[in-house]
Amino acid sequence: MAARIFISYRSSDGKDKATALARDLGAVFGDAQVFLDKDDLRGGSRWRDEVQQLLDQRPVLLLLMTPQLLAATDAAGHLRIADPDDPVRRELADAFEAGAQVIPLLCDGLDAPPLTNALPPPFDQIGERTWRKLRAYDWQGDLQRLVQDLRELGVPAPAAPQPAVAGGLSPRRLWLGLALAGAAALIVAVWFMFHSAAPPGVSGEWAASVQGQPTMTFVFRQEGEKLVLTSTPVPVAERADWAEYRRFWRERTGSELTHVVYRGEGTWRTDPGVPLVIDVALQIVSSPGEIPVDSGNLSATLQAGGRVMNGKLWLNSAQADRPITLQRARH
């Protein structure tokens, strides 16, 4: 099935935002529904042919209106949007020609939509479209509005897996099959217990340190291959890096934002001789209230000894990642 969402952007100042948007929309609609050229073009493919073929399927094209999308110039000082071979121009023209839905997204650095009637085709047509905002300081709110638009345009969410049905089996045979399967699983588990070393785990409390910030307490819980993260409430009332957002919060809600909580789900994996690696999609919510504040990603590698993880913490509000160290507090 072809992707139903196509993200078009100027790489010079839109790559980080496009990557974050693709990750967050993929978490809602499924990664296969979201096309981002740097991630989804096949090696050795003719990118123009692949993009043209996808746009012919009439996906929803999300045009990231960053400052450089319209203002970027080539080596001779000419506007890139005036060049018929400009990739963003070609993508937009192909989308309009195919009759695709186009949603311009006003990003940070642009206070208002540009005067499009003076722009070269096809950019002169985007003024006729309904604009949405995609700002770092209100990423979650803008993202939720965009998700609602995409749902109303018919972009489907992935179907929930259906439970297996043991059709035609009598209760006795079903019980016997389950018993045999359980016995086999027990034998395999015992064999691995004596023939292989169990991988180190990360379940428990960890002290998370990011340079220049107070230490936070993260709690991990392994559930099979799934990894669940929560945190104790993190005080932000006195932190200078939260001052601007707290002002915005006060204006929007009429209340004070004093604490936030980190939540997340992801995966952990390890192979013989390879350190354990975690990858967690994060959501930061108000406490109390559980209102979305920010989102991001945590990736880290367990070091030798099993008591320290080093990695990166990406926050969509900052559009950047920072080094993070996690020290095991209690197993």
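The values are calculated or read from the model by the stated rules, or taken from the named source; none is laboratory data. All of these numbers come straight from a predicted model, not from anything done at the bench. Cβ sites come from the backbone with ideal geometry, for glycine too, and all protein chains shown count toward neighbours.
Every residue, every condition in (1) surrounded by fewer than 16 Cβ atoms within 10 Å (Cβ to Cβ); (2) under 29 Å from the mean Cα position of the chain (by Cα); (3) among the acidic types (Asp, Glu), yes or no:
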position	(1), (2), (3)
Leu79	yes, no, no
Ala82	yes, no, no
Val88	no, yes, no
Asp94	no, yes, yes
Glu97	yes, no, yes
Pro104	no, yes, no
Asp111	yes, yes, yes
TODO: Please tell me if Ala100 is in contact (Cβ under 8 Å) with a residue 60 or more places away in the chain and closer than 23 Å to Ala3 by Cβ.
DONE: yes
Open item on the list: Cβ-Cβ under 9 Å, sequence separation 6+ or interchain: first residue in region 285-304 and surrounded by 19 or more Cβ atoms within 10 Å (Cβ to Cβ), partner acidic (Asp, Glu). Which pairs?
Closed with: Ser295/Asp24; Gly296/Asp321; Asn297/Asp279; Asn297/Asp321; Leu298/Asp279; Ala300/Asp279
Open item on the list: Suppose the filter is in a strand (DSSP E or B) and of a type outside the set (Asp, Glu); does Ser255 pass it?
Closed with: no
TODO: Might you check whether a residue that is under 22 Å from Arg307 (Cβ atoms), β-branched (Val, Ile, Thr), modelled with pLDDT under 85 and in contact with a strand residue (DSSP E or B) (Cβ under 6 Å, 6 or more places away or on another chain) occurs anywhere in region 250-270?
DONE: yes
Task: Top-ranked residue of region 305-320 - restricted to ones that are modelled with pLDDT of 85 or more and not hydrophobic (A, V, I, L, M, F, W, C), ranked as surrounded by the most Cβ atoms within 10 Å (Cβ to Cβ) - done: Gly311
Task: helices (runs of 4 or more DSSP H) fully within region 1-65 counting 3 or more residues that are at pLDDT 90 or above and surrounded by fewer than 23 Cβ atoms within 10 Å (Cβ to Cβ) - done: 11-29
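Here's the yes/no breakdown for (1) closer than 21 Å to Ala20 by Cβ; (2) within 19 Å of the chain's Cα centre (by Cα); (3) touching a residue at least 12 places away in the same chain (Cβ under 8 Å):
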position: Thr215; (1), (2), (3): no, no, no
position: Ala281; (1), (2), (3): yes, yes, yes
position: Arg307; (1), (2), (3): no, no, yes
position: Lys312; (1), (2), (3): yes, yes, yes
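Table: residues versus (1) of a type in the set (Ser, Thr, Tyr); (2) in contact with a helix residue (DSSP H, G or I) (Cβ under 8 Å, 6 or more places away or on another chain); (3) surrounded by fewer than 17 Cβ atoms within 10 Å (Cβ to Cβ).
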site	(1), (2), (3)
Val202	no, no, no
Gln211	no, no, yes
Ser231	yes, no, no
Ala237	no, yes, yes
Asp241	no, no, yes
Gly254	no, no, yes
Leu257	no, yes, no
Val261	no, no, no
Leu282	no, no, no
- [ ] Please tell me if Ala136 is buried (at least 18 other Cβ atoms within 10 Å of the Cβ), more than 16 Å from Ser8 (Cα to Cα) and out of contact with any Phe, Trp or Tyr (no Cβ under 9 Å at 6 or more places or on another chain).
- [x] yes
